[in-house]
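Below is one structure, written out as structure tokens; comments come after it.
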Amino acid sequence: MHEKMREAMLYEKLTGKNEGKVLCRLCKRYCVIEDRKMGFCLVRRNERGKLYSLNYGKSTGFAADPIEKKPFFHFKPGTRVLSFGTPGCNFRCLNCQNWQLSQGVREGGTGALEIPTTLPKKVVDLAVNHKCEGIAYTYSEPTIFFEYAYDCIKEARKRNAELFHVFVSNGYFSQEMLDLVEKEGLLDAIRIDLKFINDEKYREITGAHLLPVQQNIERVYKLKGKVHLEVIALLIPTLNDSDEDIRKLARFVAGVGKDIPLHFSAFHPYYKLSHLPATPDRTLRKAKRIAEEEGMQYVYLGNTRMAGVENTHCPKCKKMLIERYGFEVLKNEFENDKPVCPECGGRINIVL
Ligand code: SF4
């Protein structure tokens, strides 16, 4: 084990008959890890009773992206974020778009971690030098590189760099992680994937469960005003694109908050689901209609070339407030950064 390896946060050393084992409290899997073994994510290792993060600093895929690409449509529209991810994930999605990264260790061994280290100081330099307004911890699951993200956030604060920080997450983080995020005000926004609305499908396609994700959506929404929430659902033909599933999903999100921005995204055949067809535009349009019938106020369609499906309208008077196409903000009608409709004065759930 490398001397300078970063010790993990949010774990405890077990005692008694479990002496030598550790309990990781970073995500909902709560792995009990034996000495010299790794957790489910394959990037946290117990070394003589101490847990270490193996993917600390192993960031890759650096890009300065529009925040709309994450997608966040109601958080700092029109800004640019420095994006990156690291190897490792607590899910096993059969359609993962970034499987070389997220499943790299599982598919190819620890060689996948042989990436030059980029320390938090350098990450903040990159964000500042590329004129980004924030940092997006993304591509793979940011919960799994929490210590790294934590140190990047602390480094940015130490230097008074005016950067916001957002997680693009599968929503499987633990209560303890979110408690820390809340207590230390670490994150400004979290975008959560709600992949299926039925537990069996969740298990079959992602290897995880539905309920913890639903609980985290509810919990993050309660942090409104401190942490902004958006939800995305990828529509996969035959797996979750029935009227019934879409309605159930929309009804759940509407039950949490009708003003949560909800994105439906088109699936493209990939990885272990390459035998399935791409999502047709008519399915996306259907999903938007159903979600609006369920009362959702801001429904967006992604991974499609259809026009007009990325625009924000005032739910009350229907005025178009933001016009977008292809992740680009073409027009923004908000005045003086106030989250109210300039036409009718209605309040909009947006952080400007
Ligand atoms: S982060 Fe999650 S998957 Fe990884 S070791 Fe901890 S509890 Fe297990």
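Just so it is clear, none of the values below were taken in a lab; they were calculated from the coordinates. The structure displayed is predicted, hence computed values, not measured ones. All Cβ positions, glycine included, derive from the backbone under ideal geometry; neighbour counts span all protein chains shown.
List of remarks:
- Of all DSSP beta bridges confined to the chain, the antiparallel ones make up roughly 50%.
- Sorting 320-333, 20-33, 137-150, 154-167 by average packing, meaning the other beta carbons within 10 Å per residue, from highest down gives 137-150, 20-33, 154-167, 320-333.
- Viscosity 1.002 mPa s, temperature 20 °C, Stokes-Einstein D of the chain from Kirkwood C-alpha radius, µm²/s: 102 µm²/s
- Remark: Val351, Val220 ranked as Val351, Val220, counting other beta-carbon atoms within 10 Å and listing the fewest first.
- Proximal charge balance of Leu51 [Cβ under 14 Å; K/R count +1, D/E count -1]: +4
- Ellipticity estimate at 222 nm from DSSP helix runs (n ≥ 4, -39,500 (n - 2.57)) divided over the chain, nearest 500: -7500 deg cm²/dmol
- Neighbour-count ranking [beta-carbon atoms within 10 angstrom, fewest first] of Arg36, Arg106, Arg45: Arg36, Arg106, Arg45
- The mean sequence separation of alpha-carbon pairs under 8 Å and at least six residues apart, normalised by the residue count of the chain, gives a relative contact order of 13 percent.
- Check: the chain dipole with +1 on Lys, Arg Cβ and -1 on Asp, Glu Cβ, in debye: 340 debye
- Helix 281-293 axis, angle to the chain major axis (alpha carbon atoms, nearest 10°): 80 degrees
- Near-label residues of region 228-266 by backbone N, under 17 Å of a point 7 Å along Cα→Cβ of Asp281: 264-266
- Under a 5 Å amide H cut-off, with hydrogens placed 1.01 Å from N, Leu14 pairs with Gly20, Lys21, Val22, Leu23 among residues at least 5 apart or on other chains.
- Kirkwood's formula applied to the C-alpha pairs of region 189-303 gives a hydrodynamic radius of 14.3 angstrom.
- Exposure proxy order (Cβ contacts within 10 Å, fewest to most) of Asp193, Asp199: Asp199, Asp193
- The relative contact order of region 183-234 comes to 52 percent, based on Cα pairs under 8 Å that sit 6 or more residues apart.
- For region 216-280 versus region 117-157, the gap between their alpha-carbon centres in whole angstrom: 26 Å
- Rounded to the nearest 10 degrees, the inclination of helix 146-158 to the longest alpha-carbon principal axis of the chain is 70 degrees.
- This model, with +1 at the C-beta of Lys and Arg and -1 at the C-beta of Asp and Glu, gives region 6-53 a dipole about its Cα centre of some 120 debye.
- For the chain, built as a Gaussian network whose Cα springs stay under 10 Å, the top-fluctuating residue of His275, His74, His313: His275
- Positive-pole candidate from Gln175, Leu210, Ile33, dipole of the chain, charges at beta carbon: Ile33
- Rounded to the nearest 20 debye, the dipole magnitude of region 226-352 is 120 debye, with +1 charges on Lys and Arg beta carbons, -1 on Asp and Glu beta carbons, and the Cα centre as origin.
- Nearest-0.05 FRET efficiency for Lys248 and Cys317, computed from C-beta distance (R0 41 Å): 0.85
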